[in-house]
1. With every protein chain present, what accessible area does GLU18 have (1.4 Å probe, heavy atoms only), rounded to the nearest 10 Å²?
2. Using 0.36 nm per residue, how much length does the chain from GLN231 to ASP203 gain when fully extended, once their Cα-Cα distance is taken away?
3. Assign one of three labels to region 62-170, namely rounded, prolate or oblate, based on the Cα gyration tensor with a ≥ b ≥ c the square roots of its eigenvalues; rounded applies when a/c is under 1.5, prolate when it is not and a/b is larger than b/c, and oblate otherwise.
4. Keeping all protein chains in position, work out how much accessible area VAL209 exposes to a 1.4 Å probe, and write it in Å² to the nearest 10.
5. At a 1.4 Å probe radius, which order do ARG145, ARG15, ARG127 fall into by accessible area, largest first?
6. Tell me, what is the per residue accessible area of the chain in Å², probe radius 1.4 Å?
7. Taking mean projected area of the Cα convex hull in nm² straight from the coordinates, which label in [x] 19.5; [y] 14.9; [z] 13.3 is the correct one?
8. Roughly how big is region 1-113's charge dipole about its Cα centre, with Cβ charges of +1 (Lys, Arg) and -1 (Asp, Glu), in debye to the nearest 20?
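The values are calculated or read from the model by the stated rules, or taken from the named source; none is laboratory data. Keep in mind the model is a prediction, meaning the values are calculated, not measured. Quick reminder, even Gly has a Cβ in these numbers, built from the backbone with ideal geometry, and neighbours come from all protein chains shown. Accessible surface is based on the protein model in full, side chains and every heavy atom, while ligands, DNA and RNA are left aside. Shrake-Rupley method; radii C 1.70, N 1.55, O 1.52, S 1.80 Å.
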Amino acid sequence: MKPTAIHLHLHYTNRWPEIQRYLQNMGAHPYHLYVTLTQENASLVKEIRKFQPQAVIWRTENRGYDIGPFVDFLHRVDLSQYDLVLKIHTKSKSGLQKTWINGRYITKKRWVQLLFDALLGTQEIWRRNAAAFEQRPQLGMLSSRYLITSEPGCSEYLREQINPVMDKMGLPTPEKITFAAGTMFLTRASLLEPIKRCFTMGDFPVTDVSAQDGTLAHVFERVLGCIVAAQGYKVEGFDKNRWFESIAKFQRVINFFYSNNITRSRHQIIKICKIPVYYKKVN
C-alpha cells in the first residue's frame, strides 16, 4: 500500500488542535504530511512535529488562498509515490455569511465541519473513504455529498475563465461542471498531473480577502472538479448526516419568515417573509 499524501494549508493557525484531532483518525494508515504556512511560527512548527515528526513544513506566499499553496505542494512531491492525495485547509468560521448550495443555506462553521467530517470524521469513515477508491474504479474525487454541486449557478458565470485553464492543460471542459465547494477532498494523485505540468504558484495573484469571488483561485475550485471528469472519473460523496438534513429542513421554514445574510458582494440583507427590510454594505 502506498502512503497517502496530505496537504494541509494552515493559514488560520489557531485551528491546528482541531485538525490534529481529525488527523488522528488516519489510524495506522501510512501517510506523509505536508504543511504550508503563510507566516513564520516556530512554536506551531514544534507542535506539528511533535505530532508528526516526519512532517514537511514550509512557508509560502499568501497567493491564491489555499489553491496557490496546493499547487506549490504539487511541485514539491513525486505524485507517482502516492495513490491518493488528501487536500485540507483552514477556513474562517466567523461572520454572518451563508452560502446557498444544493437547496440550502450553509454557514461557514457548518461548511468546515461537513468537509472534515466527510473526510476524516472517524477512523471508520477514513477507512471507508480509502477503500472506496479500490472498490469503485471510476471514483476520482471524494468530498462531502452536501458540498458537491453541479448547480449551473455555481459555475456558469465562471465558464469563460475556466475554459482557457482547461485548454492550457489539454483537457475539455465538461458540459456539466461538478466540483467540491470548499476545495477539501480526497483524490487520485495521478489526476493532478495536468495542474502540476501547466501551472505554478506564481500564476496566482496575492490573496485579496476583499475579493469574494471571481479570482483564479475560485476558478480553480471548479477546475479541480473539471479535471476529474475530463479524465473519465467521477466526483462523489458518501457521507450521511441526519442531524444536518433535519436542521436544513427546519431552516428552510425559518428562512421564509426571517433571514439575515451577508451576500457575496458583502452586503447584509435582512428579509421578513422573503421581503427585504434592511440592506447595507459591510466591511
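1. Here the accessible area works out near 40 Å².
2. Gain in length upon complete extension: 7.8 nm.
3. rounded
4. 110
5. Output order, biggest surface exposure first: ARG127, ARG145, ARG15.
6. For the chain, the solvent-accessible area averages 49 Å² per residue.
7. Of the listed options [x] 19.5; [y] 14.9; [z] 13.3, [y] comes from this structure.
8. 560
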